[in-house]
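K.L.:
Submitted below is the structure of interest, expressed as structure tokens.
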Amino acid sequence: MYAQNAASVNEFLGHSWNKRAGNYTNFSLGEALLRARSYFPESYWYWIGVGALLGYTVLLNILFTFFLANLNPLGKQQAVFSKEELKERDNRRKGENVTELRHYLQYSSSVNGKYFKHRGMVLPFQPLSMTFSNINYFVEIPVELKQQGITEDRLQLLVDVTGAFRPSVLTALVGVSGAGKTTLMDVLAGRKTGGVIEGSINISGYPKRQETFARISGYCEQNDIHSPCLTVLESLLFSAWLRLPSDVDLEIQRAFVEEVMELVELTPLSGALVGLPGVDGLSTEQRKRLTIAAELVANPSIVFMDEPTTGLDARSAAIVMRTVRNIVNTGRTIVCTIHQPSIDIFESFDELLFMKRGGELIYAGPLGPSSSELIKYFEAVEGVPKIRPGYNPAAWMLEVTSTAEENRLGLDFADIYRRSNLFQRNRELVENLSKPSSNSKELNFPSKYSQSFFEQFLTCLWKQNLSYWRNPQYTAVKFFYTIVISLMLGTICWKFGSQRESQQDLFNAMGSMYAAVLFIGITNATAVQPVVSIERFVSYRERAAGMYSGLA
């Protein structure tokens, strides 16, 4: 209303409309028209309209920034009850189709890949361990389940989980669907924003500070979400500029990014556009390595990976796991959730945290050569069948610890683990690692973000500028529609402004201005929605990683 009144006052109180409306009034033609349409005809309403627009602009931008910074993405956290797993597929049980994976894991030269030994990097980092003791996690019972007669107020998804992750050790979180492996990793990484968390989490003996934990950790999500119009190198530079300390100069940052690309075997693809999944750009396996690299350029000490091999074929999974092993060899602490691993993928891990449905640990310890330690532990349980020669140890352990087997044997593997010597050794390990060493000091950061607001703003502006001009499907179409609509309306409404002999002529002039603004606005608003929908999920990932504030 303010804008329309201001635009009308600006137009109809001008010189062109400053003629008497008739013999029986002292109003000008423009003022008479404004009064006839119930507008405020005073000239100062122009400035009132300008002030109102500026006020609404400031208010809405402040509210938008506030809600973006403080509200979580749409969706409600609730418990998910999964059905009993279907019978294992033959290729997973027998492992017959994956016997060549070991060749790729050790010797593959795909994408000019190299096998990295333990080595230093351009930027030093401090190896850190993570210990967690008696972790419990509760969520509210969904309304639908309460209506079915469940009286409890909350559901426990993790039950007294205790363990440790150490530098240079590749740890796997394994379990059936609904066991809580991803939930545990999200709790440890601080990605859970709802529910109630109990227990203690320490980083190299010091209590974990969630406010700055993102500065020393990385989280590789299962979905590889990146800006499609940036190249691989630009995506990594953007992450490095925002997440590395401000005292690291640009030359060192770029050298570190190039070293990370070599580490994850992305150097030949540095100039390739990321593109959209399933449409163009990088393949699924290359996107997964880009996701890992985007976290690694932050120089983290601890890296979490959510099912890095899910959806990949045997060769692609082997390349990704070789990349993960390269990262472990640099001395970092790596934790991966894995679902239904093959033999070679499974045995590439050093240690295992095995969870049963309900969020309880039933094994936490080393795998050993050819999973010998794991097999020895479970075969020692009375009634558990021996593993057949050549059988997949991962499939075997899932089968012998299933709910059906527990009921058949009358056992509770979680209780067996809590009464085992392995549990006591893990307790002692957690207690030792939960005490800081005498020559160590706690990592403290003065702020949540590595860069100042001004640097965040400039970096985001640089990224959006590249994304804008590399998206002709959006920019060219927007320019084209603006020109077409301008020519179309200009032709239809030719000389409407010079015709003021009748009231209908005035309405035609006003309607043409309204139609021009409306059609162009609607067209541009429609064209921008696909772009915003893609970048929105990218911003969720970047915000969760602590790259920039909502205001930037």
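K.L.:
Quick one: length gained pulling Ser486 to Leu71 fully straight, 0.36 nm per residue minus the C-alpha distance? Show your work: numbers first, answer last.
P.N.:
Details: separation 415, 0.36 × 415 = 149.40 nm, distance 3.95 nm.
Here the answer is 145.4 nm.
K.L.:
Separate question: Work out how much length Lys376 to Glu455 would gain on full extension: take 0.36 nm times their residue separation and subtract the Cα-Cα distance, in nm to one decimal.
P.N.:
Numbers: separation 79, 0.36 × 79 = 28.44 nm, distance 5.48 nm.
Extending this stretch completely gives an extra 23.0 nm.
K.L.:
Label point 7 Å out from Ala7 along Cα-to-Cβ: which residues of region 43-64 have amide N under 15 Å?
P.N.:
Residues 46, 49-50, 53-54 qualify, since their backbone N sits under 15 Å from the label point.
K.L.:
Using R₀ = 51 Å, calculate the FRET efficiency as 1/(1 + (r/R₀)^6) where r is the Cβ-Cβ separation of Asn508 and Gln148; round to 0.05.
P.N.:
Numbers: r = 64 Å, r/R0 = 1.25.
About 0.20, to the nearest 0.05.
K.L.:
What are the membrane-span-like helices in the chain by this rule: whole DSSP H runs, Cα extent along the axis at least 30 Å, mean Kyte-Doolittle hydropathy at least 0.5? Write out the running numbers ahead of the final one.
P.N.:
On the way: long enough: 45-70 (37 Å, 1.47); 503-544 (58 Å, 0.35).
Helices meeting the criterion: 45-70.
K.L.:
Any idea what the relative contact order of region 182-330 is, in percent, if you count C-alpha pairs under 8 Å spaced at least 6 apart?
P.N.:
31 percent
K.L.:
Using the count of nearby Cβ atoms within 10 Å as a rough guide to exposure, how do Cys493, Cys336 rank from fewest to most?
P.N.:
On the way: Cys493 16, Cys336 26.
Ordered from fewest to most neighbouring Cβ atoms within 10 Å, Cys493, Cys336 come out as Cys493, Cys336.
K.L.:
Another one. Please find the FRET efficiency linking Asn134 to Ser246, where r is the Cβ-Cβ separation and R0 is fixed at 45 Å, and quote it to the nearest 0.05. Can you show the working numbers first?
P.N.:
Working: r = 38 Å, r/R0 = 0.84.
It comes to 0.75.
K.L.:
For the chain, what is the charge dipole size about the Cα centre, in debye to the nearest 20, if Lys and Arg each add +1 at the Cβ and Asp and Glu each add -1 at the Cβ? Spell out each step's value before the answer.
P.N.:
On the way: 54 positive and 54 negative charges, 117 e Å.
Computed charge dipole of the chain: roughly 560 debye.
K.L.:
Sticking with this structure for a sec: Relative contact order for the chain using alpha-carbon pairs under 8 Å, separation at least 6, rounded to a whole percent?
P.N.:
Taking the mean separation of contacting Cα pairs over the length of the chain, I get 19 percent.
K.L.:
Another question, then. How far is the Cα center of region 525-548 from the Cα center of region 157-204, in Å?
P.N.:
28 Å
K.L.:
Express in nm, to one decimal, how much length is gained between Glu262 and Phe445 on full extension, taking 0.36 nm for each residue of separation and deducting their alpha carbon distance.
P.N.:
Details: separation 183, 0.36 × 183 = 65.88 nm, distance 2.94 nm.
Residue separation times 0.36 nm, minus the Cα-Cα distance, leaves 62.9 nm.
K.L.:
Also, quick follow-up: Using alpha-carbon pairs under 8 Å, 6+ residues apart, how would you state the relative contact order of region 1-71 in percent? The partial results should precede the final answer.
P.N.:
On the way: 62 pairs, mean separation 26.1, N = 71.
Relative contact order for region 1-71 comes out at 37 percent.
K.L.:
Using only helices, what value at 222 nm comes out for the chain when you add -39,500 (n - 2.57) per DSSP H run of length 4 or more and divide by the total residues, to the nearest 500 deg cm²/dmol? Don't jump to the answer; show the numbers that get you there.
P.N.:
Working: 21 runs with 255 residues, N = 552.
Helices in the chain give a 222 nm mean residue ellipticity of -14500 deg cm²/dmol.
K.L.:
Cα centroid distance between region 308-357 and region 414-490, in Å?
P.N.:
About 22 Å separates the Cα centre of region 308-357 from the one of region 414-490.
K.L.:
Please return the longest range in the chain lying between exposed loop sites, taking chymotrypsin sites (Phe, Trp or Tyr not before Pro), DSSP loop only, at most 11 other beta-carbon atoms within 10 Å, and leaving the sites out.
P.N.:
Numbers: sites that count: Tyr24, Tyr44, Phe81, Trp494.
That gives 82-493 as the longest site-free run.
K.L.:
Let me ask something else about it. With unit charges on the beta carbons (Lys and Arg positive, Asp and Glu negative) and the dipole taken about the Cα centre of the chain, which residue among Val279, Phe304, Ala32 sits farthest to the positive side?
P.N.:
Selected residue: Ala32.
K.L.:
With each label point set 7 Å from Cα along the Cα-Cβ vector, what nm distance links Asp412 and Glu428?
P.N.:
2.6 nm
Read the figures in this text as sums done on the coordinates, not as results from a lab. What you see is a predicted model; the values in this text were computed from it and never measured. Reconstructed Cβ throughout: ideal geometry from the backbone, glycine too, with neighbour counts over all protein chains shown.
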